[in-house]
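One structure below.
The values are calculated or read from the model by the stated rules, or taken from the named source; none is laboratory data. None of the values given here were measured: they were computed from a predicted structure. We place every Cβ from the backbone using ideal geometry, glycine too, and count neighbours over all the protein chains shown. Just so you know, the surface numbers come from the protein's heavy atoms only, side chains and all, with ligands and any DNA or RNA stripped out. Shrake-Rupley method; radii C 1.70, N 1.55, O 1.52, S 1.80 Å.
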Amino acid sequence: MQSATGKIWMDGEFVDYENATIHVLSHVVHYGSGVFEGIRCYETREGPAVFRLKEHLKRLYDSSKVYRMEIPYSMEEMSDVILETVKINDLKSCYIRPLFYRGLGELGVSPLPCPVKCMVAVWPWGTYLGDDALQDGVSVRVSSWNRPAPNTFPSMAKASGNYLNSQLMKIEALESGYDEAIALDHYGYVSEGSGENIFIVRNGVIYTPPSSSSILPGITRHCVFTLAREFDIRIHQHVIPREALYISDEVFFSGTAAEITPVTKIDNIVIGQGSLGPITERIQSEFFKIVRGDTPDRHDWFTFVK
Ligand code: PMP
(Lines give C-alpha, C1' and ligand atoms only; values in the text may rest on other atoms or scores of the structure.)
Protein backbone atom coordinates (compact mmCIF):
# COMPACT_ATOMS: atom_id res chain seq x y z
CA MET A 1 0.00 0.00 0.00
CA GLN A 2 0.84 3.65 0.09
CA SER A 3 4.29 4.25 1.54
CA ALA A 4 4.69 6.97 4.14
CA THR A 5 7.85 8.28 2.54
CA GLY A 6 9.01 9.91 -0.62
CA LYS A 7 8.18 13.05 -2.48
CA ILE A 8 4.80 14.23 -3.68
CA TRP A 9 4.46 16.81 -6.44
CA MET A 10 2.11 19.65 -5.47
CA ASP A 11 1.42 22.63 -7.72
CA GLY A 12 4.83 22.84 -9.27
CA GLU A 13 7.14 21.55 -6.55
CA PHE A 14 8.15 18.35 -4.83
CA VAL A 15 7.34 18.23 -1.12
CA ASP A 16 8.12 15.60 1.48
CA TYR A 17 5.36 13.11 2.26
CA GLU A 18 4.62 14.62 5.68
CA ASN A 19 4.32 18.15 4.28
CA ALA A 20 1.92 17.23 1.48
CA THR A 21 -1.12 18.68 3.27
CA ILE A 22 -4.09 20.89 2.38
CA HIS A 23 -6.46 23.12 4.34
CA VAL A 24 -9.53 21.43 5.89
CA LEU A 25 -11.74 24.06 4.28
CA SER A 26 -10.62 23.10 0.77
CA HIS A 27 -13.68 22.66 -1.45
CA VAL A 28 -12.72 19.09 -2.37
CA VAL A 29 -12.84 17.95 1.26
CA HIS A 30 -16.48 18.98 1.59
CA TYR A 31 -17.92 18.37 -1.85
CA GLY A 32 -15.74 15.76 -3.55
CA SER A 33 -14.68 18.24 -6.22
CA GLY A 34 -11.71 16.46 -7.69
CA VAL A 35 -10.85 14.43 -10.79
CA PHE A 36 -8.09 11.88 -10.78
CA GLU A 37 -6.39 8.93 -12.42
CA GLY A 38 -4.90 5.65 -11.32
CA ILE A 39 -1.96 4.61 -13.48
CA ARG A 40 0.60 1.86 -13.16
CA CYS A 41 4.30 1.97 -13.82
CA TYR A 42 5.71 -1.49 -14.52
CA GLU A 43 9.23 -2.82 -14.21
CA THR A 44 10.26 -3.97 -17.68
CA ARG A 45 13.52 -5.31 -19.08
CA GLU A 46 14.31 -1.82 -20.34
CA GLY A 47 13.52 -0.14 -17.03
CA PRO A 48 10.42 1.35 -15.42
CA ALA A 49 7.69 2.21 -17.92
CA VAL A 50 4.36 3.95 -17.40
CA PHE A 51 1.46 2.04 -18.93
CA ARG A 52 -0.88 3.96 -21.25
CA LEU A 53 0.11 7.35 -19.90
CA LYS A 54 -1.32 9.26 -22.88
CA GLU A 55 -4.74 7.62 -22.51
CA HIS A 56 -4.85 8.25 -18.76
CA LEU A 57 -3.93 11.90 -19.28
CA LYS A 58 -6.58 12.29 -21.95
CA ARG A 59 -9.23 10.88 -19.59
CA LEU A 60 -7.97 13.12 -16.77
CA TYR A 61 -8.31 16.24 -18.90
CA ASP A 62 -11.68 15.07 -20.21
CA SER A 63 -12.87 14.63 -16.60
CA SER A 64 -11.66 18.12 -15.71
CA LYS A 65 -13.50 19.54 -18.74
CA VAL A 66 -16.81 18.11 -17.51
CA TYR A 67 -16.30 19.88 -14.17
CA ARG A 68 -15.09 23.16 -15.74
CA MET A 69 -11.65 22.91 -14.18
CA GLU A 70 -9.01 25.01 -15.95
CA ILE A 71 -5.78 23.09 -15.53
CA PRO A 72 -2.75 25.39 -15.37
CA TYR A 73 -0.52 22.72 -16.96
CA SER A 74 -0.65 21.22 -20.43
CA MET A 75 -0.99 17.48 -20.91
CA GLU A 76 2.67 17.37 -22.00
CA GLU A 77 3.74 19.17 -18.83
CA MET A 78 1.73 16.77 -16.65
CA SER A 79 3.26 13.84 -18.53
CA ASP A 80 6.74 15.15 -17.64
CA VAL A 81 5.66 15.73 -14.01
CA ILE A 82 4.42 12.14 -13.71
CA LEU A 83 7.62 10.68 -15.15
CA GLU A 84 9.69 12.94 -12.89
CA THR A 85 7.69 11.90 -9.80
CA VAL A 86 8.37 8.23 -10.50
CA LYS A 87 12.04 8.99 -11.09
CA ILE A 88 12.59 11.13 -8.00
CA ASN A 89 11.02 8.44 -5.82
CA ASP A 90 13.34 5.86 -7.34
CA LEU A 91 10.63 3.24 -7.80
CA LYS A 92 10.88 0.50 -10.42
CA SER A 93 7.18 -0.26 -10.36
CA CYS A 94 4.43 1.72 -8.68
CA TYR A 95 0.91 3.05 -8.74
CA ILE A 96 0.61 6.68 -9.82
CA ARG A 97 -2.14 8.99 -8.58
CA PRO A 98 -2.55 12.39 -10.24
CA LEU A 99 -5.39 14.48 -8.80
CA PHE A 100 -6.79 17.87 -9.83
CA TYR A 101 -8.95 19.35 -7.09
CA ARG A 102 -10.67 22.50 -5.93
CA GLY A 103 -8.75 24.15 -3.11
CA LEU A 104 -9.41 26.86 -0.57
CA GLY A 105 -11.80 29.58 -1.69
CA GLU A 106 -15.44 29.83 -0.72
CA LEU A 107 -17.46 27.04 0.82
CA GLY A 108 -20.63 27.53 -1.17
CA VAL A 109 -21.56 24.69 -3.50
CA SER A 110 -20.10 26.47 -6.53
CA PRO A 111 -16.54 25.32 -7.07
CA LEU A 112 -15.81 28.20 -9.43
CA PRO A 113 -14.34 30.62 -6.83
CA CYS A 114 -11.92 27.92 -5.65
CA PRO A 115 -8.48 27.53 -7.23
CA VAL A 116 -7.71 24.33 -9.13
CA LYS A 117 -4.84 22.54 -7.42
CA CYS A 118 -2.77 19.67 -8.78
CA MET A 119 -0.87 16.82 -7.19
CA VAL A 120 0.91 13.62 -8.19
CA ALA A 121 1.88 10.87 -5.76
CA VAL A 122 3.38 7.42 -6.36
CA TRP A 123 3.63 4.36 -4.16
CA PRO A 124 4.38 0.65 -4.49
CA TRP A 125 1.19 -1.36 -5.01
CA GLY A 126 0.97 -5.08 -5.67
CA THR A 127 -2.17 -6.97 -6.59
CA TYR A 128 -5.40 -5.15 -5.74
CA LEU A 129 -7.90 -7.90 -5.01
CA GLY A 130 -5.58 -10.19 -3.03
CA ASP A 131 -2.42 -12.13 -3.82
CA ASP A 132 -4.19 -15.25 -5.13
CA ALA A 133 -6.91 -13.36 -7.00
CA LEU A 134 -5.20 -13.32 -10.40
CA GLN A 135 -4.93 -17.10 -10.44
CA ASP A 136 -7.81 -18.30 -8.27
CA GLY A 137 -10.35 -15.58 -8.96
CA VAL A 138 -12.56 -13.59 -6.65
CA SER A 139 -15.96 -14.09 -5.09
CA VAL A 140 -18.27 -11.14 -5.67
CA ARG A 141 -21.85 -10.11 -5.00
CA VAL A 142 -24.30 -8.05 -6.94
CA SER A 143 -24.57 -4.86 -4.96
CA SER A 144 -27.81 -3.59 -3.47
CA TRP A 145 -26.51 -0.18 -4.63
CA ASN A 146 -26.95 0.76 -8.28
CA ARG A 147 -24.65 2.89 -10.38
CA PRO A 148 -25.89 6.50 -10.78
CA ALA A 149 -28.64 7.01 -13.33
CA PRO A 150 -27.80 8.77 -16.60
CA ASN A 151 -27.56 12.53 -16.21
CA THR A 152 -26.88 12.40 -12.47
CA PHE A 153 -23.18 11.74 -11.78
CA PRO A 154 -21.40 11.52 -15.14
CA SER A 155 -19.73 8.13 -15.12
CA MET A 156 -17.36 8.93 -18.00
CA ALA A 157 -15.65 11.44 -15.71
CA LYS A 158 -13.36 9.89 -13.10
CA ALA A 159 -14.43 12.26 -10.34
CA SER A 160 -13.65 11.91 -6.64
CA GLY A 161 -17.32 12.24 -5.65
CA ASN A 162 -18.29 9.25 -7.82
CA TYR A 163 -16.35 7.04 -5.46
CA LEU A 164 -18.88 7.51 -2.65
CA ASN A 165 -21.11 5.19 -4.67
CA SER A 166 -18.16 2.79 -5.10
CA GLN A 167 -17.51 2.93 -1.36
CA LEU A 168 -21.07 1.90 -0.53
CA MET A 169 -20.70 -1.07 -2.86
CA LYS A 170 -17.30 -2.04 -1.51
CA ILE A 171 -18.24 -1.73 2.17
CA GLU A 172 -21.34 -3.85 1.64
CA ALA A 173 -19.37 -6.50 -0.26
CA LEU A 174 -16.61 -6.74 2.35
CA GLU A 175 -19.01 -6.72 5.29
CA SER A 176 -20.97 -9.57 3.77
CA GLY A 177 -17.86 -11.66 3.13
CA TYR A 178 -17.18 -11.03 -0.58
CA ASP A 179 -14.05 -9.68 -2.24
CA GLU A 180 -15.79 -7.17 -4.48
CA ALA A 181 -19.16 -6.00 -5.79
CA ILE A 182 -20.77 -5.70 -9.20
CA ALA A 183 -23.28 -2.88 -9.55
CA LEU A 184 -26.29 -2.80 -11.82
CA ASP A 185 -27.16 0.39 -13.64
CA HIS A 186 -30.30 2.47 -13.20
CA TYR A 187 -32.26 0.09 -15.45
CA GLY A 188 -31.11 -3.05 -13.64
CA TYR A 189 -28.52 -4.10 -16.22
CA VAL A 190 -24.96 -5.02 -15.30
CA SER A 191 -22.67 -1.99 -15.05
CA GLU A 192 -19.24 -2.55 -13.43
CA GLY A 193 -17.30 -3.26 -10.24
CA SER A 194 -16.50 -0.63 -7.62
CA GLY A 195 -13.22 0.04 -9.44
CA GLU A 196 -13.21 -2.35 -12.40
CA ASN A 197 -14.95 -2.99 -15.70
CA ILE A 198 -16.58 -6.36 -16.17
CA PHE A 199 -16.62 -8.90 -19.00
CA ILE A 200 -18.56 -12.12 -19.44
CA VAL A 201 -17.74 -14.99 -21.80
CA ARG A 202 -20.44 -17.18 -23.33
CA ASN A 203 -19.91 -19.75 -26.08
CA GLY A 204 -16.51 -18.29 -26.90
CA VAL A 205 -17.74 -14.70 -27.27
CA ILE A 206 -16.84 -11.87 -24.88
CA TYR A 207 -19.45 -9.30 -23.87
CA THR A 208 -19.09 -6.14 -21.80
CA PRO A 209 -21.56 -3.37 -20.94
CA PRO A 210 -21.50 -0.27 -23.19
CA SER A 211 -20.78 3.24 -21.91
CA SER A 212 -24.55 3.83 -21.71
CA SER A 213 -24.59 1.36 -18.76
CA SER A 214 -23.02 3.98 -16.42
CA ILE A 215 -19.47 2.64 -16.68
CA LEU A 216 -16.14 4.37 -16.55
CA PRO A 217 -14.64 3.67 -20.00
CA GLY A 218 -11.63 1.83 -18.69
CA ILE A 219 -8.24 1.92 -20.29
CA THR A 220 -7.59 -1.72 -19.36
CA ARG A 221 -11.02 -2.45 -20.91
CA HIS A 222 -9.64 -1.00 -24.14
CA CYS A 223 -6.62 -3.34 -23.84
CA VAL A 224 -9.03 -6.29 -23.59
CA PHE A 225 -10.71 -5.22 -26.85
CA THR A 226 -7.34 -4.89 -28.57
CA LEU A 227 -6.06 -8.28 -27.41
CA ALA A 228 -9.32 -10.12 -28.08
CA ARG A 229 -9.37 -8.80 -31.65
CA GLU A 230 -5.76 -9.86 -32.14
CA PHE A 231 -6.71 -13.36 -30.96
CA ASP A 232 -9.77 -13.39 -33.26
CA ILE A 233 -12.05 -13.73 -30.26
CA ARG A 234 -15.36 -11.99 -30.89
CA ILE A 235 -16.01 -9.17 -28.42
CA HIS A 236 -19.12 -7.02 -28.18
CA GLN A 237 -20.41 -4.15 -26.09
CA HIS A 238 -23.87 -5.28 -25.09
CA VAL A 239 -26.44 -4.59 -22.39
CA ILE A 240 -26.13 -7.49 -19.94
CA PRO A 241 -28.99 -8.74 -17.76
CA ARG A 242 -28.07 -9.78 -14.22
CA GLU A 243 -28.82 -13.47 -14.73
CA ALA A 244 -26.36 -13.65 -17.64
CA LEU A 245 -23.63 -13.28 -15.02
CA TYR A 246 -24.64 -16.51 -13.30
CA ILE A 247 -24.82 -18.62 -16.48
CA SER A 248 -21.65 -17.32 -18.11
CA ASP A 249 -18.78 -19.65 -18.90
CA GLU A 250 -16.30 -17.09 -17.56
CA VAL A 251 -16.43 -13.65 -15.95
CA PHE A 252 -13.49 -11.32 -15.40
CA PHE A 253 -12.69 -7.81 -14.22
CA SER A 254 -10.33 -5.35 -15.88
CA GLY A 255 -8.74 -2.31 -14.26
CA THR A 256 -5.45 -0.58 -13.66
CA ALA A 257 -5.41 -1.80 -10.06
CA ALA A 258 -7.19 -5.15 -10.62
CA GLU A 259 -5.41 -5.82 -13.96
CA ILE A 260 -7.20 -8.89 -15.40
CA THR A 261 -8.83 -10.73 -12.49
CA PRO A 262 -11.11 -13.75 -12.94
CA VAL A 263 -14.44 -13.76 -11.10
CA THR A 264 -15.19 -17.32 -10.08
CA LYS A 265 -18.26 -16.90 -7.86
CA ILE A 266 -21.14 -14.42 -7.99
CA ASP A 267 -23.73 -14.40 -5.22
CA ASN A 268 -22.31 -17.77 -4.18
CA ILE A 269 -23.04 -19.26 -7.61
CA VAL A 270 -19.99 -20.90 -9.16
CA ILE A 271 -19.18 -19.40 -12.56
CA GLY A 272 -18.26 -21.96 -15.23
CA GLN A 273 -15.71 -24.39 -13.81
CA GLY A 274 -15.08 -22.08 -10.84
CA SER A 275 -11.51 -21.39 -11.92
CA LEU A 276 -9.53 -19.24 -14.35
CA GLY A 277 -11.23 -19.95 -17.69
CA PRO A 278 -9.40 -20.41 -21.01
CA ILE A 279 -10.38 -17.09 -22.62
CA THR A 280 -9.67 -15.09 -19.45
CA GLU A 281 -6.36 -16.93 -19.21
CA ARG A 282 -5.39 -16.01 -22.80
CA ILE A 283 -6.19 -12.34 -22.31
CA GLN A 284 -4.62 -12.23 -18.86
CA SER A 285 -1.38 -13.95 -19.86
CA GLU A 286 -0.91 -11.73 -22.94
CA PHE A 287 -1.66 -8.67 -20.80
CA PHE A 288 1.03 -9.65 -18.29
CA LYS A 289 3.52 -10.49 -21.05
CA ILE A 290 3.05 -6.97 -22.36
CA VAL A 291 3.17 -5.10 -19.05
CA ARG A 292 6.21 -7.05 -17.86
CA GLY A 293 7.95 -6.29 -21.12
CA ASP A 294 8.25 -9.99 -22.04
CA THR A 295 6.88 -9.25 -25.48
CA PRO A 296 7.55 -6.14 -27.61
CA ASP A 297 5.32 -3.13 -26.99
CA ARG A 298 3.59 -3.42 -30.38
CA HIS A 299 0.81 -1.00 -29.42
CA ASP A 300 2.99 1.85 -28.13
CA TRP A 301 1.42 1.51 -24.68
CA PHE A 302 4.55 2.31 -22.66
CA THR A 303 6.22 5.61 -21.82
CA PHE A 304 9.65 4.90 -20.40
CA VAL A 305 10.93 6.66 -17.31
CA LYS A 306 14.36 7.72 -18.47
N1 PMP B 1 -14.55 1.52 -13.38
C2 PMP B 1 -14.26 2.22 -12.28
C3 PMP B 1 -15.38 2.74 -11.46
C4 PMP B 1 -12.94 2.45 -11.91
O5 PMP B 1 -12.65 3.14 -10.81
C6 PMP B 1 -11.90 1.91 -12.70
C7 PMP B 1 -10.48 2.15 -12.31
N8 PMP B 1 -9.98 3.34 -12.83
C9 PMP B 1 -12.24 1.18 -13.85
C10 PMP B 1 -13.58 1.00 -14.16
C11 PMP B 1 -11.19 0.61 -14.75
O12 PMP B 1 -10.57 1.65 -15.47
P13 PMP B 1 -9.04 1.54 -15.93
O14 PMP B 1 -8.91 0.26 -16.67
O15 PMP B 1 -8.84 2.73 -16.78
O16 PMP B 1 -8.22 1.55 -14.69
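Structure values in brief
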| read-out | value |
| --- | --- |
| Interchain or long-range residues, amide H under 5 Å from residue 192's placed H | 183 |
| Viscosity 1.567 mPa s, 4 °C: Kirkwood-radius Stokes-Einstein D of the range 133-291 over Cα pairs, µm²/s | 85 |
| Using θ = phi - 60° and Karplus 6.51 cos²θ - 1.76 cosθ + 1.60, couplings along the range 81-97 (whole Hz; Gly, Pro as x) | 4, 5, 5, 5, 5, 5, 5, 5, 8, 6, 9, 7, 9, 6, 9, 10, 10 |
| Simple spin-label estimate for residue 62 and residue 151 in nanometres, 7 Å along Cα-Cβ | 2.1 |
| Orientation-averaged projected area, Cα convex hull of the chain (nm²) | 15.3 |
| With eigenvalues of the C-alpha gyration tensor scaled by 5 and rooted, the range 230-292, Å | 21, 14, 11 |
| Residue of 100, 36, 231 that the Gaussian network model of the chain assigns the largest fluctuation, springs spanning Cα pairs under 10 Å | 231 |
| Å² per residue, accessible surface of the chain at 1.4 Å | 46 |
| Cα centre as origin, Lys/Arg/Asp/Glu Cβ charges: the chain dipole, Debye | 540 |
| Charge context of residue 140, other residues only, Cβ under 9 angstrom, K/R +1, D/E -1 | -1 |
| Quotient of Cα Rg and 2.2 N^0.38 Å for the range 7-123, N being how many residues it contains | 1.08 |
| Positive dipole terminus of the chain, leading residue within 165, 96, 190 (C-beta point charges) | 190 |
| Rounded to the nearest 20 debye, dipole of the range 133-291 from Cβ charges on Lys, Arg, Asp, Glu | 340 |
| Centre separation in Å (Cα based) which lies between the range 48-125 and the range 132-180 | 23 |
| Low-density loop positions, trypsin sites (Lys or Arg not before Pro), the range 31-66 - DSSP coil, at most 12 other Cβ in 10 Å | 45 |
| Computed over the range 77-135, the ratio Rg/Rh where both radii use C-alpha atoms and Rh is Kirkwood | 1.17 |
| Phi-based couplings in Hz for the range 119-131 (Karplus 6.51, -1.76, 1.60; Gly and Pro marked x) | 9, 9, 10, 9, 7, x, 8, x, 5, 8, 9, x, 5 |
| Candidates 204, 195, 272, ranked by Gaussian network fluctuation over the chain, Cα under 10 Å, top entry | 204 |
| Table column - 3J(HN,Hα) (Hz), the range 171-187, Karplus curve with 6.51, -1.76, 1.60, x for Gly and Pro | 4, 4, 4, 5, 5, 9, x, 10, 7, 7, 10, 10, 9, 8, 8, 4, 8 |
| Share of carbon and sulfur in the accessible heavy-atom surface of the range 7-123 [1.4 Å probe, %] | 53 |
